[in-house]
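Reading through the structure tokens given below for one structure.
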Amino acid sequence: MGKFGIKGLIKFGQKEHLEALLNDGVIYMNNIDYFRKYEESKLEHLRGDRYECFGYISQNNKAIILNESSIELENVTVFKNRETYPGYLYCMYAIHTDDSNSQIDSRMLEFGEYAVFIYNPKEFINRIHSYCEEHKLYPNCFPVKYYDEKVENGLLHPFMKRGKYSYQNEARIYIHNYKPQDNIVLKLGSIKDIACLINTSIFKNK
């Protein structure tokens, strides 16, 4: 578990899931394929990303499209999935200690009318660490680095996402597993002492 400057975490979602998080510390983690396939049937700017946890990005490639006639394209960006990072993800909105702009993008409100605000993120991460240690799981938790997909070149890792998602201001939990099931559930116990349920309407018109 790494050190990072976050003073708060926000989990947007459906009220019943958020109440389970608040009351019982239920953290529902989907596998990587869930996030890759979600984009196909849902609005892209929500949970899905077809390139989630891909291992490599390469610039200035050539591509040939074969149809009735062949078309050659120059300067093509290629993502390569080396299956380096199979496992599970849990995503949250991060409020950074050095962030002077507290405005939340209105697109985040489309995740639901409610959110859990975790005002003691250090303790929250400690509890995740303790639970995972007891259950022989190996989590990592860091803020996401957003990159320009037309410039970035080389290796990628689970805490990197395309710049188009930067409004999500994400921090995430990643648990590596070579043969992940559809999902796993962590149960930390109540987090009412370090978090509260809020209505996302408080973020509107700011």
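The values are calculated or read from the model by the stated rules, or taken from the named source; none is laboratory data. Everything quoted here is computed from the prediction, not taken from an experiment. Reconstructed Cβ throughout: ideal geometry from the backbone, glycine too, with neighbour counts over all protein chains shown. Accessible surface is based on the protein model in full, side chains and every heavy atom, while ligands, DNA and RNA are left aside. Shrake-Rupley method; radii C 1.70, N 1.55, O 1.52, S 1.80 Å.
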### Of all residues making up segment 48-95, the number that are touching a Pro at 6+ places or on another chain (Cβ under 7 Å) and at pLDDT 80 or above
5
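Every residue, every condition in (1) in contact with a helix residue (DSSP H, G or I) (Cβ under 9 Å, 6 or more places away or on another chain); (2) among the hydroxyl-bearing types (Ser, Thr, Tyr); (3) closer than 30 Å to ILE202 by Cβ, yes or no:
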site	(1), (2), (3)
ASP105	yes, no, yes
LEU109	yes, no, yes
TYR114	yes, yes, yes
GLU123	no, no, yes
ILE128	no, no, yes
LYS136	no, no, no
PRO143	no, no, yes
### Task
Can you give me the number of residues within segment 149-193 that are over 17 Å from the mean Cα position of the chain (by Cα) and at pLDDT 90 or above?
7
### Message
Show the residue pairs meeting these rules: Cβ distance below 8 Å; 6+ apart or different chains; first residue within segment 10-35 and open to solvent by less than 70 Å² (accessible area, probe 1.4 Å); second residue basic (Lys, Arg) and outside any helix (DSSP H, G or I).
### Response
LEU18/LYS11; LEU21/LYS11; LEU22/LYS192; ASN23/LYS192; GLY25/LYS187; VAL26/LYS187; ILE27/LYS187; PHE35/ARG47
## Note on the structure
Of those in segment 187-206 that are assigned to a helix (DSSP H, G or I) and not aliphatic (A, V, I, L, M), the residue least open to solvent (accessible area, probe 1.4 Å) is THR200
